[in-house]
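Notes to accompany the following structure.
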Amino acid sequence: MSITPRIVYMGTPDFAVEPLRAIKDNGYNVVAVVTAPDRPAGRGLKTQPTAVKTFALEHSLPVLQPERLKDEHFTRQLEYLKPEIGVVVAFRMLPKSVWSIPKLGTFNLHASLLPQYRGAAPINWAIINGEKTTGVTTFLLDEQLDTGNILLQKEVCIGEDETAGELHDRLMMAGADLVVKTLDMLLSGHQVNTIPQHQLMVAQPPLRTAPKLFRETCRIRWNDSVSNVYNLIRGLSPYPTAWSEMLVSINGKELLLQVKIYSAAKSVEPTSNLQPGSIDTSSSRTLRVACSDGFIALKIIQQAGKKAMPVEEFVKGWHNTKFIKML
């Protein structure tokens, strides 16, 4: 093996930047960075590079952006690079023709303690489901999604009021550290003992998955418990964000608004027989919404087409308005 093993790194979003930075800072030889093609983004739909591409170019790392991972030209490029190991973080599912090229294999970083929370949105679902702990896992790729043999894991506690965005940033740093430790282990020349995921599945409670989040998944059901609604809000904040429809009355005329809810507080107390979704406006500066067993106090909300703002500022902007119900 060469003194500076040749590594191909594959990733796209912000979450994949810190592991790449850590690999580079630890002196590893990244011979190519593979990322998604530039796409239109933002209000002006201006073509934008991925976060990983931006970092790679800033640090003079070669970048490959295949449209199709099974493209023969792309696989020939990888073969020409003669990588000894591949590292994948927040990227597409790789075909065998790609992950089998590095002679020591290709491993992936996943933001959960596998086999729990396989899928596209493990950070969000861990919070939505009220988990107290999660973590990061490195595992060898195989022909299925998130099923390969485990290399290393690190457990991370979830704060009681932590949002998906906050947990994302902590797991990103924990993941960067785990990726470097995994590289050190694989390239040490010692025998590596991996753990088949099916062995862990026997000892764990029923598996929870982390499927892709869709718009309807993010809609709040106000007849649910305070804890479940609160977990949904923080598990989707700041993106893709929990949402609801708000029924208001302006001078006797009803209007339906669509609002996103970025932040809230929970209060398990009697709802005075208010129906779930009913808005308690006993204070002119707050909006408390009844759930099945208490209230959710809205803190930061965003009306469609407007900017996000504290609820006090939102209420102030609606003169002669009665806030009736969340639907």
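The values are calculated or read from the model by the stated rules, or taken from the named source; none is laboratory data. Model, not experiment: these values are computed from the prediction. So basically every Cβ, Gly included, is an ideal-geometry build from the backbone, and we count neighbours across all protein chains shown.
Listed here are the residues, each with its yes/no results for (1) surrounded by 15 or more Cβ atoms within 10 Å (Cβ to Cβ); (2) among the hydroxyl-bearing types (Ser, Thr, Tyr); (3) closer than 23 Å to Glu166 by Cβ.
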{"position": "Lys212", "(1), (2), (3)": "no, no, yes"}
{"position": "Thr217", "(1), (2), (3)": "yes, yes, yes"}
{"position": "Pro240", "(1), (2), (3)": "yes, no, yes"}
{"position": "Gly252", "(1), (2), (3)": "no, no, no"}
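Matching residues to (1) modelled with pLDDT of 95 or more; (2) surrounded by 19 or more Cβ atoms within 10 Å (Cβ to Cβ); (3) under 29 Å from Trp125 (Cβ atoms); (4) charged (D, E, K, R):
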{"site": "Ser227", "(1), (2), (3), (4)": "yes, no, yes, no"}
{"site": "Ile233", "(1), (2), (3), (4)": "yes, yes, yes, no"}
{"site": "Leu236", "(1), (2), (3), (4)": "yes, yes, yes, no"}
{"site": "Val259", "(1), (2), (3), (4)": "yes, yes, yes, no"}
{"site": "Thr281", "(1), (2), (3), (4)": "no, no, no, no"}
{"site": "Ser284", "(1), (2), (3), (4)": "no, no, no, no"}
{"site": "Lys322", "(1), (2), (3), (4)": "no, no, no, yes"}
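For (1) buried (at least 22 other Cβ atoms within 10 Å of the Cβ); (2) under 22 Å from the mean Cα position of the chain (by Cα); (3) not assigned by TED's automatic domain parsing to the domain that holds Gln204, each residue gets a yes or a no:
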site: Gly27; (1), (2), (3): no, no, no
site: Asp38; (1), (2), (3): no, yes, no
site: Ala51; (1), (2), (3): no, yes, no
site: Ala111; (1), (2), (3): yes, yes, no
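Residues in the range 132-149 that are surrounded by fewer than 22 Cβ atoms within 10 Å (Cβ to Cβ) and among the hydrophobic types (A, V, I, L, M, F, W, C): Leu140, Leu145. Exactly one residue among Pro240, Pro205 is part of a loop (DSSP other than H, G, I, E, B) and either more than 23 Å from Gly159 (Cα to Cα) or at pLDDT 95 or above (or both), and that residue is Pro240.
Taking every residue in the range 39-65 that is of a type in the set (D, E, K, R) and pairing it with any residue that is buried (at least 17 other Cβ atoms within 10 Å of the Cβ), at least 6 positions away or on another chain, the pairs with Cβ-Cβ distances below 7 Å are Lys53/Thr35.
The residues of the range 18-40 that are touching a Ser or Thr at 6+ places or on another chain (Cβ under 8 Å) and more than 18 Å from Trp99 (Cβ to Cβ), listed by number, are Gly27, Tyr28, Asn29, Asp38, Arg39, Pro40.
Restricting attention to the range 58-90, the residues being buried (at least 20 other Cβ atoms within 10 Å of the Cβ) and either touching a helix residue (DSSP H, G or I) at 6+ places or on another chain (Cβ under 7 Å) or not assigned by TED's automatic domain parsing to the domain that holds Met172 (or both) number 6. Please determine whether any residue of the range 151-173 is assigned to a helix (DSSP H, G or I) and closer than 23 Å to Gly27 by Cβ. Yes; the residues of the range 151-173 include at least one that is assigned to a helix (DSSP H, G or I) and closer than 23 Å to Gly27 by Cβ. Restricting the range 271-296 to residues that are out of contact with any Asp or Glu (no Cβ under 9 Å at 6 or more places or on another chain) and outside any loop (DSSP other than H, G, I, E, B), the residue that is farthest from Ser244 (Cα to Cα) is Asp280. Filtering the range 2-55 to residues that are out of contact with any helix residue (DSSP H, G or I) (no Cβ under 9 Å at 6 or more places or on another chain), more than 25 Å from Lys82 (Cβ to Cβ) and modelled with pLDDT of 95 or more leaves nothing. Summed over the range 247-268, residues that are of a type outside the set (Lys, Arg) and in contact with a helix residue (DSSP H, G or I) (Cβ under 9 Å, 6 or more places away or on another chain) total 8. The set of residues in the range 276-295 that are farther than 23 Å from Thr163 by Cα, in contact (Cβ under 8 Å) with a residue 40 or more places away in the chain and not aliphatic (A, V, I, L, M) comprises Pro276, Ser278, Thr281. Within the range 1-38, being aromatic (Phe, Trp, Tyr) and part of a loop (DSSP other than H, G, I, E, B) holds for one residue alone: Tyr28.
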